[in-house]
């Protein structure tokens, strides 16, 4: 196959890869935090738009999974990272060249950048030719790179670069300084007095002594005297410096566009591998999920909220993992339980898993089976805004109505603590109406609520409950388990803990 992209298995997918706005659910699911951490210190590659380009088919996801599997080979990973570092240094040279004002110096920095590029490409080609890669992406790129390195255009670039570097290294000249007058002449075998002085004083050195040498200011740009000297040197070697100028003019677009695209796109993989490495070192699991567009029987084992884990690992805190599964005809998780018990974290985790899977990333967990959705919608509680003349409840109804109008049976909908500003009977009514609509759509859903009755609405709803420590109901385990909702049981446990049950209060009053 002809190589187009290490990210997209189909050429048309890359054509459609324009910069997109961040989806609104990124913030609700804390995916914006995840992607910002992934791209930290890689701003030059402009990776963030790729996160707004989820894949549309199972084949595209498998394409990326297999590239990731190839990168699990340390030799390949080292080679690709070395290539990326060389290309980064090359671009630094180009940036520096653009900042310089003197043409000969600008052209010299450009020549060095091309040399770095040629060496980097040649080394990567040599490594890939000896590496047993298996993914379609790397196999196609290896073939493309091999053909490119063997092409007449690349060979000519390499040979011309080496020849010009050799010619410039052969330039020798003498500087005569007489007061404020400087004369530049050809080098004719004159004595190197610097070496003579060093040899003379070296015999007086007996032991370690104080170093009285003065460090000169190390600057890149040339001052006006240096520029004039170089100009005189160029007059002594007109053919070499004319060749440098022509070289600069001819090769301004020397980076092959496909290789340049590979350099940027491979960072999508390297950045994520670097991001999850600290979590894997902490004992957390990541897996290649089984992604299907046919079955909504989703599941995951030992999974976790990636944004929260990233923070807790840095704080050396314990990370709680959770399991979940849906079997036909189940479609909706209704999550209830005590406040601050991990319900919202579970909802975010469910959304994160499915979106990361659609990006072709390994996902948190020991194993996972996930659904290839068409759209992901979130409905999280919003603070009231003074600019919004409608009330909080009205705003929530408008937003949930817009979601239900756009959602399909292949969508994922995550509703978190909605309608809390309504009276209980109104919240129950609204919750039932929303869940009935989602049930009719047959969409996957996580519905976090304080209303237990919603968990038994139909055969498609499954009750999940955030659990507490039995001996101390005030402590949360942050484990979310399948069990019937029982808010009353939780209230009784708290009342017992603080001696506020009817029996206890009656006994205290009658004493």
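The values are calculated or read from the model by the stated rules, or taken from the named source; none is laboratory data. Keep in mind the model is a prediction, meaning the values are calculated, not measured. Note: ideal-geometry Cβ built from the backbone for every residue, glycine included; neighbour counts use all protein chains shown.
Observations on the model:
- Among the residues listed as 243, 274, 351, the single one being modelled with pLDDT of 95 or more, within 23 Å of residue 49 (Cα to Cα) and surrounded by fewer than 19 Cβ atoms within 10 Å (Cβ to Cβ): 274
- Scanning the stretch 120-132 for residues that are assigned to a helix (DSSP H, G or I) and either touching a residue at least 24 places away in the same chain (Cβ under 8 Å) or buried (at least 19 other Cβ atoms within 10 Å of the Cβ) (or both) returns 120, 121, 122, 123, 124, 125, 127, 128.
- Residues that are part of a strand (DSSP E or B) and without any contact (Cβ under 8 Å) to a residue 40 or more places away in the chain do occur in the stretch 321-336.
- Yes/no for residue 308 being within 19 Å of the chain's Cα centre (by Cα) and either surrounded by fewer than 17 Cβ atoms within 10 Å (Cβ to Cβ) or more than 30 Å from residue 460 (Cβ to Cβ) (or both): no
- All of (1) over 21 Å from residue 48 (Cβ atoms); (2) out of contact with any helix residue (DSSP H, G or I) (no Cβ under 7 Å at 6 or more places or on another chain); (3) in a helix (DSSP H, G or I) hold for residue 248 with one exception: (2).
- Out of 135, 153, sole residue that is at pLDDT 95 or above and surrounded by fewer than 17 Cβ atoms within 10 Å (Cβ to Cβ): 153
- Residue match in the stretch 219-230 (condition: modelled with pLDDT of 95 or more, part of a helix (DSSP H, G or I), surrounded by 10 or more Cβ atoms within 10 Å (Cβ to Cβ) and within 52 Å of the chain's Cα centre (by Cα)): no
- So residue 282, is it surrounded by fewer than 16 Cβ atoms within 10 Å (Cβ to Cβ), more than 30 Å from residue 89 (Cβ to Cβ) and in contact with a helix residue (DSSP H, G or I) (Cβ under 7 Å, 6 or more places away or on another chain): yes
- Helices (runs of 4 or more DSSP H) completely within the stretch 1-109 that count 1 or more residues being without any contact (Cβ under 8 Å) to a residue 60 or more places away in the chain, under 18 Å from residue 352 (Cα atoms) and not assigned by TED's automatic domain parsing to the domain that holds residue 124: 25-28, 31-38
- Those residues of the stretch 392-450 which are over 21 Å from residue 326 (Cα atoms) and not in a helix (DSSP H, G or I), in sequence order: 417, 418, 419, 420, 421, 422, 423, 450
- The residues of the stretch 447-459 that are surrounded by fewer than 19 Cβ atoms within 10 Å (Cβ to Cβ) and over 19 Å from residue 423 (Cβ atoms), listed by number, are 456, 457, 458, 459.
- Among the residues of the stretch 456-481, those identified as in contact (Cβ under 8 Å) with a residue 24 or more places away in the chain, under 37 Å from the mean Cα position of the chain (by Cα) and closer than 27 Å to residue 319 by Cβ are 462, 463, 464, 465, 466, 467, 468, 476, 477, 478, 479, 480.
- Filter result for residue 262 (part of a helix (DSSP H, G or I), within 21 Å of the chain's Cα centre (by Cα) and in contact (Cβ under 8 Å) with a residue 24 or more places away in the chain): yes
- Checking each residue in the stretch 427-446 for being out of contact with any strand residue (DSSP E or B) (no Cβ under 9 Å at 6 or more places or on another chain) and in contact (Cβ under 8 Å) with a residue 12 or more places away in the chain picks out 427, 428, 430, 432, 436, 437, 442.
- Single residue of 407, 402 found to be without any contact (Cβ under 8 Å) to a residue 12 or more places away in the chain and under 32 Å from the mean Cα position of the chain (by Cα): 402
- Every residue from the stretch 354-381 that is modelled with pLDDT of 95 or more and assigned to a loop (DSSP other than H, G, I, E, B): 359, 360, 361, 362, 365, 366, 372, 373, 374, 375
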